[in-house]
1. Calculated FRET efficiency, Ala83 and Ala181, Cβ-Cβ r, R0 25 Å, to nearest 0.05?
2. Identify all aspartates and glutamates with a Cα-Cα distance to Lys176 below 12 Å; exclude those on the same chain that are fewer than 8 residues away in sequence.
3. For the chain, I need the span (max minus min coordinate) of the C-alpha atoms along each principal axis, in Å, sorted largest to smallest.
4. In percent, what relative contact order does the chain have, based on Cα pairs under 8 Å that are 6 or more apart in sequence?
5. Under 16 Å between alpha carbons, and skipping anything fewer than 8 positions from Lys23 in its own chain: which aspartates and glutamates qualify?
6. Provide the descending list of Cα extents for segment 15-58 along its principal axes, expressed in whole angstroms.
7. Computed on alpha carbon atoms, what radius of gyration and Dmax characterise segment 34-118, expressed in Å?
Amino acid sequence: MAVQRILTIDNAADLAILKQVSKPVEGVDDAVRTLMDDMLDTMYDAPGIGLAAVQIGELKRVIVMDLGDKPGVEETEEEDAEARRNPRHFVNPEILWSSDEMFTYEEGCLSIPEYFDKVERPARVRIRYLNYQGETIEEEAEGLYAVCIQHEMDHLNGVLFIDHLSRLKRERAAAKCKKVARERMAA
Ligand code: ZN
């Protein structure tokens, strides 16, 4: 269990790292599994539903996600969110196909605290990646899963969700993030 610091865009050094393109990893070894364990701990602690390695300063093509959609567990079991946990791991993910049909969702990002805005993306994508065991998985994602994997894969290419918005909205997001950082510092 190792919660790491999440890079945020109000910090110029952090932003410079978040803008970089991450490199593929050689394969899924114990070091990569430890990285994914740390990323999940960090994500649950935040809390968030997805995290790319670059967000904790590791320029590797590795993503973790948990949409709280564990099969067979009812969403009404309010008292135990942990029972619904369904961690997903993605190493060297690729998008093989995107639908022409689009889907709009209000996105947020742990690197841009407390700013949310609507982003339009393909509604469905076909992806290929290595899982925690190092097996190659190919599957189609839709709904929130499709939104999240595209958002996280953008991170691997140095792209933030606000980069899909107008310049005015990007500036508003940056200002909001700076304000949040100041408030957290003062608290
Ligand atoms: Zn993000």
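1. That gives a FRET efficiency of 0.15.
2. Hits, sequence-local ones excluded: Asp10, Glu114.
3. So the extents along the principal axes, rounded to whole Å, are 43, 41, 41.
4. Relative contact order comes out at 23 percent.
5. Counting by Cα, and skipping residues close in sequence, Lys23 has these aspartates and glutamates nearby: Glu58, Glu94, Glu152, Asp154.
6. On the principal axes, segment 15-58 reaches 29, 27, 13 Å in Cα extent.
7. Calculated on Cα positions, Rg and Dmax stand at 14.5, 39 Å.
Bear in mind that the values in this text are calculations on the coordinates, not laboratory data. Just so it is clear, the model here is predicted, and its values are computed rather than measured. Here Cβ is always computed from backbone atoms with ideal geometry, including for glycine, and neighbour counts include all displayed protein chains.
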